[in-house]
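Visitor: I have a structure I would like to understand better, so I am pasting it below and will then ask my questions one at a time.
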Amino acid sequence: MHVHRFERIWLVAALGMIVLFVGTVTYGAVVAGYGMVDAEGGQVDATDPTDGENFREPGVYNGSEPGHYDVYVETRRFAFVPGTAEPIRVPAGSTVTFHVVSVDVLHGFEVAGTNINTMAIPGQKAVVTAEFDEAREYGIVCNEYCGEGHHTMAGSLEVVPPGEFNATAEVSA
Amino acid sequence: MAHAHDERATGTAEGRELAAGERLAFVDQYPAAARVTRLCFGVSFTALLIGAVLGIVQALHRTNVFRGVISSSDYYSVLTGHGVLLALFFTIFFLSGAFTWGTSRSLGRDLPNPRFSLAWFGLQLGGAAAVAAAIFGGFVGQIPFEADVLYTFYAPLQAHPLFYAGLAAWLVGTWLAGADWIRSYLRWRSDNRGERVPLQTFMVLTTMLMWYISTVGVAVEVLVFLLPLSMGLIESVDPLLTRTLFWYFGHPVVYFWLMPAYFAWYTILPKLAGGRLFSDPLARVVFVLFLILSTPVGFHHQYADPGVAEGFKFVAMTNTMFLLLPSFLTAFTVVASMEYGARRRGGSGYFGWMKALPWANPAFAGMALAGLMFAAGGFSGIVNAGMNINSLVHNTLWVPGHFHLTVGTASALTMMALSYWLYPQVTGKRLQLYGVAQVQPYVWFIGMALMSNAMHRAGLAGVPRRTAEPQYDQVSFEAALGSIPEMRLQIAVGGALLTLGAALFAAVMLATWFADRGRGRLRVDSHLPEPISGPEDAPRVLDNFRLWAAIAVVLVAIAYGFPIFSMVADGPFDPAAPPVPVGVVDAALGVFLG
Ligand code: HEM
Ligand SMILES: [Cu+2]
Ligand SMILES: [Cu+2]
């Protein structure tokens, strides 16, 4: 088969670029340690996630180490619990693991402007971990269509100075 | 001889001299195929026009520029109509028409059985009409239809059974259409043993093999799970499993949108540019690569899903990146063919040759501009494919920004451009409103440049897709580039130009449809010049469809076997989510909407 010289150069360059893309993603996953949402969260009951071992009552909990927190969030049409009626509050300088489930249909859990962005699928628990260095407020949006009120489904995440957090701690052990 | 050949190759406005009474039009040679092609195009264009009207409603509503038409909770019926009519029906009906034309033309024979062809067309149309009725019934309170589940219809959201039944009928219609083309091919094969498969037929067959392999997923999803669920025959589904079955089909369908465009870029664009295709063998390689690589990548739509192990996502990511290869090769061929044509038309210089291209020919201009936008769409697609960067843009407005460049322009504008060239041949009528046709591709291009760049930037700021409201009480979006109000305005203005573009296109097609057949010469010439490097240069193994299909199936088994197995190991309906019918306004909604 005859392949023109320019075409061959292009082919090699294209393959090189592809290998480079795969390489950067691999680097991000393996070296930089950017963890994907995956199957580690395990399964939960599709309509009553707190029923099993895998999921606690929604809320903010002390994690396994100091400075680590676990946030259990239930998504439902059309609210985050916690998040919508009351903000999720964590202290600045902490590492936070979000455990996100849905009790009805698919929802999204996106902390706007960050890369915390996961699906909530009935029957599955999503686990995402992030570090919050400075005190500030973030918006949370549902970014998967979940019904006629989808555009009302939002919430907020408040990263507060550590002093303030202790004052109003919602942390249960 | 060479001279006459060349003249025909360059003549797009002028055909060769015709003998008295002789016509070049396809319709005169293959009347049955021309009829089916016309019917398919008619449905396709209707879907495009309705979809475009819904598009402008959305663009104005979600940017808050004008919202008198619908309420925010009706937005999702509109969005479902827009997605289904454009992404499924406009594209696939067009494909059905173009492929009917392409097989008949390249095999040199009319339809094997015109009744059978009408039957598959009827089944596709009936299915599509049922789906549309289920969607638009949602606007009419008295009718029990509801289907605002968007074109991805993720369970356990549940539409009216008519929606799923219509989808199934339409799908079977597409399968039969493929069978029709395969049958034509087999008949040709038995008359032409040992000959190379003509290029256009080769493209049709590889595309259809890909379609058969990938639609199995959605067929199982609809027939085994969603239709029975909506009819109350089963009580629950596993949402992760049905979603996985959807995306097993949902990515390959992207190539079903693109293949008609590639088909046009390889076989027609070079001629319109004034030259001929560079390499027939490489075109075949590209289609084979699509066949084997496009199905085992669906997990790249599920990077953000819990319940899918990172390893499977990684396999899909790697496949996806390699799937860039056939597109890179196509980019080369398209640009090289244009340059070759331009130089033969007297163009010169590094970039100066571009001026020599026939930019006033709407068929050429549409395809060339579509190709240009596809390059931009390709880059934003690489971001989507990059597993970890993806979480910055997942489900944000970036995503519709991306696919309005790819399917909304690369495919859609190429299809419109191809129609300017093809429609006269299947009707035997001269293209009407030529001046309107000449500006139309530019209107679309400018509209899309505005709308999609603003969508991409809004996505980076975190603005979600698929939402009726620009503003969330608890959230403020921070733009890295430009400001949010400016982006909204651009989306609205761009959307208005796009809808104008669709209306101009519809006007040309309608005027041509109603025009007299007349005796005059057609404005196009159907001759397609031979490639510089022809099929005789292609290794024989390329035409071995069985081999490629087998490899495709093996790759699918590798990418999907284990994840699907682990999802059904606990029972195909477990974890069990009961259906949530759409359109039932629950109490919570009342509270939230005030
Ligand atoms: C007339 C020109 C068009 C306009 C004004 C337009 C506008 C829009 C807008 C504003 C959205 C909604 C974004 C959202 O809320 O998430 C959208 C979504 C979409 N558009 Fe278009 N569009 C046009 C043409 C097209 C074409 C030609 C196609 C495909 C061939 C297409 C396919 C889609 C799809 C698949 C969606 C996503 C639906 C979903 O997320 O469920 N559009 N469009
Ligand atoms: Cu939601
Ligand atoms: Cu939602």
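Visitor: In whole Hz, with x marking every Gly and Pro, tabulate ³J(HN,Hα) for the range B:414-423 from phi via Karplus 6.51 cos²θ - 1.76 cosθ + 1.60, θ = phi - 60°.
Guide: 5, 5, 5, 5, 4, 4, 4, 8, 8, 4
Visitor: Where a Cα-Cα gap under 23 Å defines reach, which lysines qualify for B:Lys271, not counting those fewer than 8 residues away within the same chain?
Guide: Cross-link targets: B:Lys355, B:Lys429.
Visitor: Still on this structure, please answer the following. If I fit a long axis through the Cα atoms of helix A:5-30 and take the longest principal axis of the Cα atoms of chain A, what angle between them do I get, 0 to 90°, rounded to 10?
Guide: 20 degrees
Visitor: Under 8 Å for C-alpha pairs, at least 6 residues apart: give me the relative contact order for chain A, rounded to a whole percent.
Guide: 22 percent
Visitor: Give, as a single signed number, the net charge of other residues whose beta carbon lies under 10 Å from the beta carbon of B:Leu282, with Lys and Arg counted +1 and Asp and Glu -1.
Guide: -2
Visitor: Can you work out the Karplus-derived ³J(HN,Hα) for every residue in the range B:125-136? Use 6.51 cos²θ - 1.76 cosθ + 1.60 with θ = phi - 60°, whole Hz, and x for glycine or proline.
Guide: 5, x, x, 5, 5, 5, 4, 4, 4, 5, 6, 7
Visitor: Can you give me the solvent accessible area of B:Trp170 with a 1.4 Å probe, rounded to the nearest 10 Å²?
Guide: Probe radius 1.4 Å; accessible area of B:Trp170 about 0 Å².
Visitor: How big is the antiparallel share of DSSP beta bridges in the protein assembly as shown, given as a percent to the nearest 5?
Guide: 65 percent
Visitor: Using a 1.4 Å probe, what is the accessible area per residue for the range B:316-453, in Å²?
Guide: 30 Å²
Visitor: Chains A and B: how much accessible area gets covered up at their contact, both sides added, probe 1.4 Å, in Å² to the nearest hundred?
Guide: That pair hides around 6100 Å² of surface in total.
Visitor: Give me the net charge of B:Gln58's neighbourhood, meaning all other residues with Cβ under 15 Å from the Cβ of B:Gln58; Lys, Arg count +1, Asp, Glu -1.
Guide: Charge balance near B:Gln58 sits at +2.
Visitor: Using only the Cα atoms of the protein assembly as shown, build the gyration tensor, take square roots of its eigenvalues as a ≥ b ≥ c, and label the shape rounded, prolate or oblate: rounded if a/c is under 1.5, else prolate if a/b is larger than b/c, else oblate.
Guide: Prolate.
Visitor: Per-residue HN-Hα couplings for the range B:233-238, Karplus 6.51 cos²θ - 1.76 cosθ + 1.60 at θ = phi - 60°, whole Hz, x for Gly and Pro?
Guide: Once rounded to whole Hz, the list reads 7, 10, 9, 7, 9, 8.
Visitor: Shifting gears a bit: Going by alpha carbons, how many degrees (0 to 90, nearest 10) lie between the helix axis of B:31-62 and the longest principal axis of chain B?
Guide: Helix B:31-62 and the main axis of chain B meet at about 40 degrees.
Visitor: If you don't mind, another one. Amide H to amide H, which residues 5 or more places from B:Gln158 or on other chains are under 5 Å from it, using H placed in the peptide plane?
Guide: When sequence neighbours closer than 5 places are left aside, the close amide H contacts are B:Val580, B:Val582.
Visitor: So, one more: What is the Å³ per residue value for the convex hull set by the Cα atoms of the range B:354-422?
Guide: 81 Å³
Visitor: Leaving out ligands, DNA and RNA, what percent of the accessible area of chain B is carbon and sulfur, probe 1.4 Å?
Guide: Solvent-exposed carbon and sulfur of chain B make up 67 percent of the total.
Visitor: Could you tell me how many degrees, from 0 to 90 and to the nearest 10, lie between the Cα long axis of helix B:161-191 and the main elongation axis, the longest principal axis, of the Cα atoms of chain B?
Guide: 30 degrees
Visitor: Okay, next question. Rounded to a whole number, what is D in µm²/s for the range A:56-173 from Stokes-Einstein with the Kirkwood radius over alpha-carbon pairs (25 °C, 0.890 mPa s)?
Guide: 174 µm²/s
Visitor: I've got another one for you. Give the long-range amide H neighbours of B:Thr396: residues separated by 5 or more places, or on another chain, with amide H under 5 Å away, using H modelled in the peptide plane at 1.01 Å from N.
Guide: B:Arg465
Visitor: Check cross-link reach from B:Lys313 to the aspartates and glutamates: straight Cα distance under 13 Å, and skip same-chain residues fewer than eight apart.
Guide: Excluding near neighbours in sequence, the set is A:Asp38, B:Asp305.
Visitor: Continuing with this model, one more query. What value, in deg cm²/dmol to 500, does the helix sum -39500 (n - 2.57) over DSSP H runs of n ≥ 4 give at 222 nm once divided by the residues of chain A?
Guide: Using -39500 (n - 2.57) per qualifying helix, the result is -6000 deg cm²/dmol.
Visitor: To continue, here is another question. Only helical DSSP H runs with n ≥ 4 go in: add -39500 (n - 2.57) per run for chain B, normalise by residue count and round the 222 nm mean residue ellipticity to 500 deg cm²/dmol.
Guide: When only DSSP H runs of four or more count, the value is -21000 deg cm²/dmol.
Visitor: A follow-up question, please. Carbon-plus-sulfur fraction of the accessible area of the range A:51-159, 1.4 Å probe, in percent?
Guide: Result for the range A:51-159: 38 percent of the exposed heavy-atom area is carbon or sulfur.
Visitor: In Å², what does the accessible area per residue of the range B:40-131 work out to with a 1.4 Å probe?
Guide: 29 Å²
The values are calculated or read from the model by the stated rules, or taken from the named source; none is laboratory data. Predicted, not measured: the structure shown is a model, and the values here were computed from it. Virtual Cβ from ideal backbone geometry, glycine too; neighbours counted across all protein chains shown. The area values use the complete protein model at the heavy-atom level, side chains included, leaving out ligands, DNA and RNA. Shrake-Rupley method; radii C 1.70, N 1.55, O 1.52, S 1.80 Å.
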